[in-house]
Every structure is written in C-alpha cells, then in structure tokens.
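No lab work stands behind these numbers, since they all come straight from the coordinates. As the structure is a prediction and not an experimental result, all values here were calculated from the model. Positions of Cβ are generated from backbone atoms using ideal geometry, with glycine treated the same way; all protein chains shown enter the neighbour counts.
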Amino acid sequence: MPEFSTNDMHAHEVPELDPQPRDAEGHGYVDFLASTELSVGLAVWPAGSIDRQQPHKEDEVYYVISGRGFIRVADEDRSLKPGSLVFIAAHVEHRFHDIEEDLRVLVFWAPPHQRR
C-alpha cells in the first residue's frame, strides 16, 4: 500500500478496485491509500456470507457503497444500505450479518490499518 505525504494527491476509481484474494465465502479486502494518520480500504462481503472479523486496534468508519445487510456493533444492530455510514471505536466487537445483497464498503482507519 503506498504511503504519501499530506501534500501529495493520489486518486483511485473505486468501482475499478477488486479486493483480492477472496476467502472461501467470497469476502475480500484491499488497502489502497495510507498516510501517517489515516488509511482507506475497500471490503466486499457477498450476500449470505459470514463476517468473521475480530475487533481492531484502530478506529474505523464504514461507508456502504452498495448492497444491503446489517451490522452489529457491541449489542446494537443497524440496517445498512447504500449511503450508510457507521463509526466503530477501536477494540469494539462488530460484524456484518444477514447480508441480503453483496456489500461493497469503504473502510477508513485511524491510525492507519496494520495487517495482522
């Protein structure tokens, strides 16, 4: 993932991004931007798939580009549709569920996401 100074511009056509590789259920993720304070990635969860993610060390903001489903954050559920925006604080349990239509989600991380 490229890092850049705050004075640089890096542009991407999000519809052209294809998170690879995908797991057995078709979930994929790709980091595509990073600075010293923030990173951005694209995640996909196919309809009917199971989200097995664990809490992260970073704060996250999810922005749903397309698809429908639900997210559980701690003990609260929220429906998701295109345009939904959800903040999740670091270390908080969360997962997508009851995914009705393939989800494409921008993920904003602060501090930058560190792959484990």
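List of remarks:
- Distance between the 7 Å Cα→Cβ label points at VAL30 and ALA11: 1.9 nm.
- Distance between modelled label sites at ALA47 and ASP102, nm, 7 Å Cα→Cβ extension: 1.1
- Site pair GLU76 and ARG115 shows an inter-label distance of 3.3 nm when each label is modelled 7 Å from Cα along Cα→Cβ.
- Amide N of the stretch 49-63 lying under 20 Å from the label point, which is placed 7 angstrom from the Cα of GLN20 along Cα→Cβ: none
- Evaluated at q = 0.15, 0.16, 0.20, 0.23 Å⁻¹, a Debye calculation over the C-alpha positions of the stretch 19-116 (equal weights, vacuum) places log10 I(q)/I(0) at -0.54, -0.62, -1.00, -1.34.
- Dipole of the chain [Lys/Arg +1, Asp/Glu -1 at C-beta], most positive-end residue of TYR29, SER66, PRO15: TYR29
- The separation of the stretch 76-96 from the stretch 97-116, counted between C-alpha centres, amounts to 9 Å.
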